Amino acid sequence: MIVCNFTRTKILKCITALTRWERIFVLNNKNNCSIIFNKRNLHNAVLKGPWSVLFFGSDEFALESLKKLYAQYKLQKLLCHLEIVTAYKGNENCLSKYAKENKITIHQWPLEIHNMKFDIGVVVSFGHLIPSHIIDSFPLGMINVHGSLLPRWRGSAPIIHALKNGDTRTGISIMRIMPKKFDIGDIIAQEETSIDLHETQPELYKKLALLGSKLLLKTMEKLPEVLSSSVRQNEDGITYAPKIKPDMSFIKWKEMNAKNVYDLNRALTGLYSLKTNFNNKVIKIFGIQVFSNSINVIQSEKNEPGTAFYHKETDSLIVKCKDNTWVSIKTIGVPGKPKLSALNFANGFLGGKRQKFCIFTT
């Protein structure tokens, strides 16, 4: 077979490029070197898009990134092929519904690989550890969109923990997927954003989902070169964001100041109502604010955290927290009754008694 000089030149350039990729190393913060791609993947690596992408996700946070990738696939510029992997039991999740509406091929988790030929795997809010043999099946590896500035808030609930702890800044991290542990891979890109003092979980969730989708596209546009500039995560400042459990919604009056209670409410908005114990029952409280009005100092100092009064001037129930700080509550949910206003709660549970206060306990 005859190969013209022009074609021969292009082939030689490709071979040279692949050989060059074999010599690429990343210098990490300990001055050790780690190879970008393993040897088997190097010989299969594609050096130019558009890319064939297998997307892993499970929820609304992931859906924003999937929509951005699908738009690029329709243009046939950044993506030439797109399929998804998701997991659900019973009712379909938002990703599978979107995929069916747009005729995107769906793979159920756990994934069985049978001669799948994708260039890169993209993981966004998936919630499952991905084994080495799947990661290694992608010539360019797998990348993940994570909702925090790693290494802060590794884990499944970074947005909630950032709000709960009163963080004023957060962001998106694009990192390389590693087997066996979550959120430990090298950082490819990061983008920071501020957290408003009164921002709630649904608001920050939407903001970061959009920011993550945009940063993902910026990263994809720089493939494959951007992979060689990834850096190891700093060993300092590591914090963890484990899965949220219902008992987190109980207020610990003796351990939490007013801002801690308010931040917990922001973090759990849309998920759980804050709870406390009253008269051997669990009650729910709503409309929580930090109470900054002046009150009788002598009266406030002699009462323990969890002490609640009706405050006529603001038409709210005010409750003492740690460090002599206070929160106000507008509505209370008592089992077996409709939601009560602060005034109705006071009339029903404080009226007719000498003491004009009650005690909430953890």
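The values are calculated or read from the model by the stated rules, or taken from the named source; none is laboratory data. Treat the numbers as computed from the prediction; the structure is a model and nothing was measured. In this analysis, Cβ positions are derived from the backbone assuming ideal geometry, glycine residues included, and neighbour counts consider all displayed protein chains. Ligands, DNA and RNA are stripped out before the accessible areas are found, and what is left, the full protein with its side chains, is counted by its heavy atoms. Shrake-Rupley method; radii C 1.70, N 1.55, O 1.52, S 1.80 Å.
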*Name the one entry in Thr269, Thr219, Thr276, Thr200 that is within 22 Å of Phe182 (Cβ to Cβ) and among the polar types (S, T, N, Q).*
Thr219
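Listed here are the residues, each with its yes/no results for (1) free of Cβ contacts under 8 Å to residues at least 60 places away in the same chain; (2) surrounded by fewer than 21 Cβ atoms within 10 Å (Cβ to Cβ); (3) in contact with a helix residue (DSSP H, G or I) (Cβ under 9 Å, 6 or more places away or on another chain).
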{"site": "Pro179", "(1), (2), (3)": "yes, yes, yes"}
{"site": "Ile187", "(1), (2), (3)": "yes, yes, no"}
{"site": "Ala241", "(1), (2), (3)": "no, no, yes"}
{"site": "Ile244", "(1), (2), (3)": "no, yes, yes"}
*Would you be able to tell me the number of residues in the range 191-206 that are over 17 Å from Val122 (Cβ atoms) and either part of a loop (DSSP other than H, G, I, E, B) or in contact with a strand residue (DSSP E or B) (Cβ under 8 Å, 6 or more places away or on another chain) (or both)?*
10
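Go over the candidates Lys10, Lys68 one by one and state the one that is modelled with pLDDT of 95 or more, open to solvent by 40 Å² or more (accessible area, probe 1.4 Å) and of a type outside the set (A, V, I, L, M, F, W, C).
Unique residue meeting the criteria: Lys68.
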*Could we say that Ile244 is in a loop (DSSP other than H, G, I, E, B), under 18 Å from the mean Cα position of the chain (by Cα) and under 19 Å from Ser58 (Cβ atoms) here?*
yes
*Tally time: how many residues in the range 142-161 are buried (at least 23 other Cβ atoms within 10 Å of the Cβ) and either farther than 13 Å from Lys243 by Cα or charged (D, E, K, R) (or both)?*
8
*Test result for Gly171, open to solvent by less than 10 Å² (accessible area, probe 1.4 Å), more than 11 Å from the chain's Cα centre (by Cα) and not aliphatic (A, V, I, L, M)*: no
*How many residues are within 16 Å of Thr200 (Cα to Cα), in a loop (DSSP other than H, G, I, E, B) and open to solvent by 80 Å² or more (accessible area, probe 1.4 Å) if we restrict to the range 249-271?*
1
*asked:* Looking for something without any contact (Cβ under 8 Å) to a residue 12 or more places away in the chain, more than 22 Å from Tyr262 (Cβ to Cβ), not aliphatic (A, V, I, L, M) and not in a strand (DSSP E or B) - is there at least one such residue anywhere in the range 220-227?
replied: yes
*Output for the range 127-178, where each listed residue is part of a strand (DSSP E or B), within 30 Å of Asn257 (Cα to Cα) and among the polar types (S, T, N, Q)*: Thr170
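Residue by residue, here is whether (1) open to solvent by 10 Å² or more (accessible area, probe 1.4 Å); (2) modelled with pLDDT of 95 or more; (3) of a type outside the set (A, V, I, L, M) holds:
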{"position": "Lys100", "(1), (2), (3)": "yes, yes, yes"}
{"position": "Trp109", "(1), (2), (3)": "yes, yes, yes"}
{"position": "Glu112", "(1), (2), (3)": "yes, no, yes"}
{"position": "Ile120", "(1), (2), (3)": "no, yes, no"}
{"position": "Val124", "(1), (2), (3)": "no, yes, no"}
{"position": "Gly127", "(1), (2), (3)": "yes, no, yes"}
{"position": "Ile134", "(1), (2), (3)": "no, yes, no"}
{"position": "Leu140", "(1), (2), (3)": "no, yes, no"}
*Looking at (1) surrounded by 19 or more Cβ atoms within 10 Å (Cβ to Cβ); (2) under 22 Å from Leu208 (Cβ atoms); (3) in contact (Cβ under 8 Å) with a residue 60 or more places away in the chain, find the lone condition where Ser52 falls short.*
(2)
